[in-house]
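Everything below concerns the one structure shown next.
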Amino acid sequence: MPLTSISQLEPAPRLIRACFGETLDRPPVWLMRQAGRYLPEYQAIRQQVDFLTLCKTPDLAVEVSLQPYRIFGMDGVILFSDILVPAEAMGMRLEFTDKGPCFPEPLRSKAMIDKLCIPDPEEKTGFVMDIVRRLRQALRSNSEAALIGFAGAPWTLASYMIEGGVSRNFTGLKAWMYNDPETLHTLLHKLAETVILYLNAQIAAGVQVVQLFDTWAGILAESEYRTFILPYQQQVIQGISRRNVPVILYVNGSAHLLEAMAETGPDVISVDALTPLDVARQRVSEINPNIVLQGNLDPNILFARTEIVRQKVTDMLSLGGNQGYICNLGHGVLPETPRESVTCMIETVKNHICKPALSGCISG
Ligand code: CP3
């Protein structure tokens, strides 16, 4: 369903207005993985509970979601959870170790795929919807911050469910793709159905924009992307009941895929750090001139000196402009990131003034 214009009566948050292509005095800013280990406030809570328990305890998850917003004042609050939560609800055993997520019984056969269910999101992941409802309530007094929901896209979810965890070469996944594409399609279809229900439940519970993380879509060539990834991203985007709820699509390592991603039909494309925003803008607008861009500071820049952070953010802002742009990183915040750099990034964006009469922006 195409987006309809936002009601004039309800002032939409800056982030949502940017998703609709409005011209703004400055772009909105939030950071992928803005909640997490770089914050001592997060570590303090994590010392009391393991990661999955944190995801399943709404009081704590709400607190952790709001921490970065309270500390830095981003324009968006992202629900605290993980992309793999729905995979557990489908029937996979899921653990989180020091090395990241782990499925001790990864998918090995068609029989295992057939056993997976398409979970009812309220019944099996009601804690996520509780977190969303509570965040919505907490943000009601401040309409300037948008509530962001998210899900992993089918391909990226399949990669973890087949590889059993974080992978370097994705050998198991790719071997499956070449040996038995039909069965892989069955899994991807089931995952798409799951993700659609899951995101629609988040929308019903109150998220105002959703981000679809297809982190590992960049490991395929464009022709393979068109076969194994694009149709499922498209299925999800079309399946979302999104009157006024824009969809952001993120792929890491997407330089060879930007046009195909634009064809998938998202409202916003989140660009990684390797493609300059002006180049991405030109390529994507040839497919659809209305697509908004998000990104794309290299998360490693936050480890540089403050004046360098400020300069790089300012450079990025002048490429992004004040229309059709959301300021963010090119990938998630890294665990050891100095918080002064995050403060500097957010402050630089907030002090940046875009003059609508001019084509570019200036630092104010
Ligand atoms: O602040 C936020 O962005 C919200 C929460 C969020 C988490 N994971 C919390 C988390 C979000 C949006 C995610 C998405 C996610 N999870 C992705 C897609 C985005 C990306 O970074 O590419 C992926 C691939 C995962 C899977 C995952 N979860 C991995 C690979 C890891 C371990 C490595 C890492 O980056 O931390 C996790 C664990 C995880 N997810 C943590 C957090 C805060 C760290 C857990 C801890 O406290 O030990």
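Just so you know, all these numbers are worked out from the coordinates, no wet-lab data involved. Since this is a predicted model, take the numbers as computed values, not measurements. Ideal geometry is used to build each Cβ from the backbone, glycine not excepted, and the neighbour counts take in all protein chains shown.
Over 23 Å apart at the Cα level, from the set 99/124; 56/124; 56/174; 56/350, are 99/124; 56/174; 56/350. Sorting the segments 219-228, 129-138 by their residues' average number of neighbouring beta-carbon atoms within 10 angstrom, most packed first, yields 129-138, 219-228. Ignoring aspartates and glutamates fewer than eight residues from residue 110 along the same chain, the ones with Cα atoms less than 16 angstrom from its Cα are 163, 180, 182.
Computed from backbone phi with θ = phi - 60° and the Karplus coefficients 6.51, -1.76 and 1.60, the 3J(HN,Hα) list for the range 45-54 is 6, 5, 5, 8, 9, 6, 4, 5, 5, 4 Hz; x is used for glycine and proline. Our summary gives the chain a relative contact order of 22 percent, counting only alpha carbon pairs under 8 angstrom and 6 or more residues apart. Starting from the Cα of residue 259, step 7 Å along the direction of its Cβ; do the same at residue 189; then give the gap between the two resulting points in nm. Taking the simple label geometry, residue 259 and residue 189 are separated by 3.0 nm.
At full extension, residue 137 and residue 59 could sit 26.8 nm farther apart than now, given 0.36 nm per residue minus the alpha carbon distance. Only beta bridges with both residues in the chain are counted; by DSSP, about 25 percent of them are antiparallel. Mind grabbing the base-10 log of I(q)/I(0) for the chain at q = 0.08 Å⁻¹? Debye formula, identical points on the C-alpha positions, no solvent, two decimal places. So the normalised log intensities are -0.37. The H on the amide N of residue 325, modeled in the peptide plane, is under 5 Å from the matching H of 293, each at least 5 residues off or on a different chain.
When the helices in the chain are scored as -39500 (n - 2.57) per DSSP H run of 4 or longer and the sum is shared across all residues, what 222 nm value do you end up with, to the nearest 500 deg cm²/dmol? After summing the helix terms and dividing by the residues of the chain, the value is -13500 deg cm²/dmol. Between the helical axis of 126-139 and the longest alpha-carbon principal axis of the chain there is an angle of about 10 degrees.
Extension gain for residue 111 to residue 318 (0.36 nm times residue separation, less C-alpha to C-alpha distance): 69.3 nm. Relative contact order of the range 170-285, taken over Cα pairs closer than 8 Å and 6 or more residues apart, is 25 percent. Rounded to the nearest 10 degrees, the angle from helix 306-320 to the longest Cα principal axis of the chain is 90 degrees. Name the shape class, rounded, prolate or oblate, that the alpha-carbon gyration tensor gives for the range 182-257, where a ≥ b ≥ c are the square roots of its eigenvalues, rounded holds for a/c under 1.5, and otherwise prolate holds if a/b is larger than b/c and oblate otherwise. Oblate is the answer for the range 182-257, as a/c is 1.5 or above yet b/c matches or exceeds a/b. Taking every alpha-carbon pair under 8 Å whose residues sit at least 6 apart, the range 154-227 reaches a relative contact order of 42 percent.
For the peptides 307-317, 287-297, 172-182, the ranking by packing is 287-297, 307-317, 172-182, with the highest mean count of neighbouring Cβ atoms within 10 Å listed first. Specify the angular offset, from 0 to 90 degrees and rounded to the nearest 10, of the alpha carbon long axis of helix 230-239 from the longest principal axis of the alpha carbons in the chain. Helix 230-239 sits roughly 70 degrees off the main axis of the chain.
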